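*Asks:* Structure below; questions to follow.
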Amino acid sequence: MKPFTYERARSPAEAAAAAARQPGAKFIAGGTNLLDLMKLQIEAPAHLIDVNGLALDKIEPMPEGGLRIGALVRNTDLAADQRVRRDYGVLSRALLAGASGQLRNKATTAGNLLQRTRCPYFYDTAQPCNKRQPGSGCSAIGGVTRQHAVIGSSEACIATHPSDMAIAMRALDAVVETVKADGATRRIPIAEFHRLPGETPHIETSLEAGEFITAVTLSPPLGGRQFYRKVRDRASYAFALVSVAAVMQRDGTGRVALGGVAHKPWRVEAAEAELPRGAKPAMAAILDGARPTDDNAFKVTLAERTLASVLAEARG
Amino acid sequence: MSKVSLRVNGEVRNLELDTRTTLLDALREHLQLTGSKKGCDHGQCGACTVMVEGRRIYSCLTLAVMHEGDAVTTIEGLGQPGNLHPMQAAFVKHDGYQCGYCTPGQICASVAMLEEIKAGVPSHATADLTAPSQLTAEEIRERMSGNICRCGAYSNIVDAITEVAGRPA
Ligand SMILES: Cc1cc2nc3c(=O)[nH]c(=O)nc-3n(C[C@H](O)[C@H](O)[C@H](O)COP(=O)(O)OP(=O)(O)OC[C@H]3O[C@@H](n4cnc5c(N)ncnc54)[C@H](O)[C@@H]3O)c2cc1C
Ligand code: SF4
Ligand code: FES
Ligand code: FES
């Protein structure tokens, strides 16, 4: 690890201001992604702002229904919350399908959204990677791409977003609340939060430098039956090859977001009109324009079959 | 360098550390509590599992300076020869290890895991999210998936945990 100085933030606005003041500063929450990357010198912040002391660890009801989830709510506590289990089952399920008990005890809502890709070439500092070192090239293209994106990728990067939680939040259309260094706040719909790689795969979200996440909000419950089905190489403690987050209503309509296929949670609202007709037409519409590699073409079939099993369970 | 004060196994320990020191390195290298093991140092194996304020975490993926005032319990604090914690005794009885490298992490994780079940935390193996979790072997395996055993002592580990879980607290 590169040396860094360390401070504990006393308020969200102060944290954002401190980040803007200090070049190379980063927030640290659970630390489970940032420290991993710092040990490999993929991240090398000169200054760490520890935000764990901020009282952002509550899940509160919103006046118009819905929930406000503090940025520091741990993944374990969010998954275990009775309201989330009852009304937002897809979110509980996605969280419980991710990482391990120890990691979920530390991982935070904001940190989970901001975790970086698991592309093996991103992790291998001996290899070129446009995300790690802009302009150096993409080692995955032409390499081993079993885990990589099948849609929305670019000539610069074909990585996927690894979060399970974010896929459920996309199905629920969550909103990310932030504060900037000047104290201004804003609300970013999750659909606009994560970015496709384009020419700049190192810019992963719409956050500005130093912008601090304070909470994620959920709209009033959608009802229906909620599913998160994750397919992976081992039964637990592994990232998704493909995952399907779904909220299905009795009449066969619903919402579907996919994990493991793109640089961001993948949801195509217009394609959801096909859901009552079954998994085949629905997935063809959701993954319309997919450009898989030889290594990961299986993900397209896998996504359709995973959706088929979800739809069968929703009907059953 | 940074000052930090931890409550380790009931004792206040004041340390002056490089800010880069993980909790695991603070325990092993600075407090000579070498029961907690370094397997991968990247959150992928569970050998470094300790309890902080009663919750299990990987001590390799957190900085010591982030734990000012926190209560840390390591395998040494759970029990000692002659005065073993019931989980330590059950691992011995059921042969829940071969080389023993993963064992301190397995034991710390399993003690905290049973508390999570008591507190009503669900898991990926929980069929009904609105009902309390059942203490099945499937639940134990899923909840212990964050601890890898290279020797493959898994079935005996599940036996040891099942025995402790079945006892009235
Ligand atoms: C072995 C292993 C397996 C895993 N498996 C899975 C899995 O299957 N599924 C899955 O979804 N995840 C998995 N994870 C990833 C895990 O979920 C993330 O590491 C975790 O969610 C990150 O949260 P954190 O609070 O620890 O973030 P940190 O590491 O503290 O921070 C991550 C990033 O977010 C920034 N940040 C944190 N808080 C804020 C804030 N409030 N505002 C602005 N920026 C902020 C930090 O500066 C940093 O850049 C796995 C991790 C490991 C090590
Ligand atoms: S896919 Fe993206 S993250 Fe992976 S090597 Fe290419 S540029 Fe880097
Ligand atoms: S050493 Fe911490 S998880 Fe492997
Ligand atoms: S006993 Fe050897 S690694 Fe588990």
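The values are calculated or read from the model by the stated rules, or taken from the named source; none is laboratory data. Keep in mind the model is a prediction, meaning the values are calculated, not measured. Every residue, glycine as well, gets a Cβ built from its backbone with ideal geometry; the counts of neighbours run over all protein chains shown. These accessible areas exclude ligands, DNA and RNA; they are computed on the full protein's heavy atoms, side chains included. Shrake-Rupley method; radii C 1.70, N 1.55, O 1.52, S 1.80 Å.
*Asks:* Report the one residue of B:Leu24, B:Cys40, B:Gly10 whose Cα lies farthest in the direction of the positive end of the charge dipole of segment B:2-78 (charges on C-beta: Lys and Arg +1, Asp and Glu -1; origin at the Cα centre).
*Replies:* Sorting the options by dipole projection puts first B:Cys40.
*Asks:* What part of the accessible area of the protein assembly as shown, given as a whole %, is carbon or sulfur when the probe is 1.4 angstrom? Don't skip to the answer; put the middle values down first.
*Replies:* Numbers: 10120 of 20040 Å².
Within the protein assembly as shown, the accessible surface is 50 percent carbon and sulfur.
*Asks:* Cα gyration tensor of segment A:114-235, axes a ≥ b ≥ c as square roots of the eigenvalues: rounded (a/c below 1.5), prolate (a/b > b/c) or oblate?
*Replies:* Values: a/c = 2.56, a/b = 1.31, b/c = 1.96.
Since a/c reaches 1.5 but b/c is at least a/b, the shape of segment A:114-235 is classed as oblate.
*Asks:* Which percent, nearest 5, of DSSP beta bridges in segment A:1-146 are antiparallel? Please list the in-between numbers first.
*Replies:* Working: 5 of 13 bridges.
Counting DSSP beta bridges with both partners in segment A:1-146, the antiparallel share is about 40 percent.
*Asks:* Quick one: which of A:Lys2/A:Lys39; A:Lys39/A:Lys131; A:Lys26/A:Lys230; A:Lys39/A:Lys299; A:Lys2/A:Lys26; A:Lys26/A:Lys131 span more than 20 angstrom between C-alpha atoms? Walk me through the numbers on the way to the answer.
*Replies:* Working: A:Lys2/A:Lys39 8 Å; A:Lys39/A:Lys131 17 Å; A:Lys26/A:Lys230 31 Å; A:Lys39/A:Lys299 32 Å; A:Lys2/A:Lys26 13 Å; A:Lys26/A:Lys131 17 Å.
Exceeds cut-off: A:Lys26/A:Lys230; A:Lys39/A:Lys299.
*Asks:* Measuring with a 1.4 Å probe in the full set of protein chains, what accessible area per residue, in whole Å², belongs to chain A? Working shown, then result.
*Replies:* On the way: 12570 Å² over 316 residues.
On a per-residue basis, chain A sits at 40 Å².
*Asks:* Here is a follow-up. Say R0 is 25 Å: what FRET efficiency, to the nearest 0.05, do B:Glu53 and B:Thr136 get from their beta-carbon distance? The partial results should precede the final answer.
*Replies:* Numbers: r = 28 Å, r/R0 = 1.12.
Here the calculated transfer efficiency is 0.35.
*Asks:* Also: Please work out the average accessible area per residue across segment B:86-164, using the 1.4 Å probe convention, and give it in Å². Don't jump to the answer; show the numbers that get you there.
*Replies:* Details: 3510 Å² over 79 residues.
That works out to 44 Å² per residue.
*Asks:* Moving on to the next point. For segment B:2-78, what does the alpha-carbon gyration tensor say about shape, rounded, prolate or oblate, given a ≥ b ≥ c as the root eigenvalues, a/c under 1.5 as rounded, and a/b over b/c as prolate? Please report the intermediate quantities before stating the final value.
*Replies:* On the way: a/c = 1.56, a/b = 1.19, b/c = 1.30.
Oblate.
*Asks:* While we're looking at this one, here's another question. May I ask you to rank B:Arg56, A:Arg195, A:Arg315 by accessible area, largest first, using a 1.4 Å probe over the protein chains only? Display every interim value, and only then the final one.
*Replies:* Details: B:Arg56 0, A:Arg195 90, A:Arg315 180 Å².
Largest accessible area first, the list is A:Arg315, A:Arg195, B:Arg56.
*Asks:* Just to confirm a number: summing +1 for Lys and Arg and -1 for Asp and Glu over residues other than A:Gln147 whose beta-carbon lies under 12 angstrom from that of A:Gln147, what do you get? Show your work: numbers first, answer last.
*Replies:* On the way: positive: A:Arg118, A:Arg146, A:Arg232, A:Lys299; negative: A:Asp233, A:Asp295.
Spelling it out: positives minus negatives among the neighbours equals +2.
*Asks:* What shape does chain A have by the C-alpha gyration tensor, where a ≥ b ≥ c are the square roots of the eigenvalues, rounded means a/c under 1.5, and otherwise prolate means a/b greater than b/c and oblate the rest? Before the final figure, lay out each step's value.
*Replies:* Numbers: a/c = 1.90, a/b = 1.20, b/c = 1.58.
Here chain A falls in the oblate category.
*Asks:* Still on this model: Add -39500 (n - 2.57) for each DSSP H run of 4 or more in the protein assembly as shown, then divide by its residues: what number comes out at 222 nm, to the nearest 500 deg cm²/dmol?
*Replies:* Values: 17 runs with 138 residues, N = 485.
Roughly -7500 deg cm²/dmol at 222 nm, from the helical runs in the protein assembly as shown.
*Asks:* What distance in nm lies between label points placed 7 Å from Cα along the C-beta direction at A:Thr200 and A:Arg21?
*Replies:* Output for this residue pair reads 2.7 nm.
*Asks:* Checking an interface number: how much accessible area is buried between B and A, summed over both chains, with a 1.4 Å probe, in Å² rounded to 100? Write down the numbers at each step before the final one.
*Replies:* Values: alone 9070 and 14230 Å², together 20040 Å².
Chains B and A together bury roughly 3300 Å² of accessible area.
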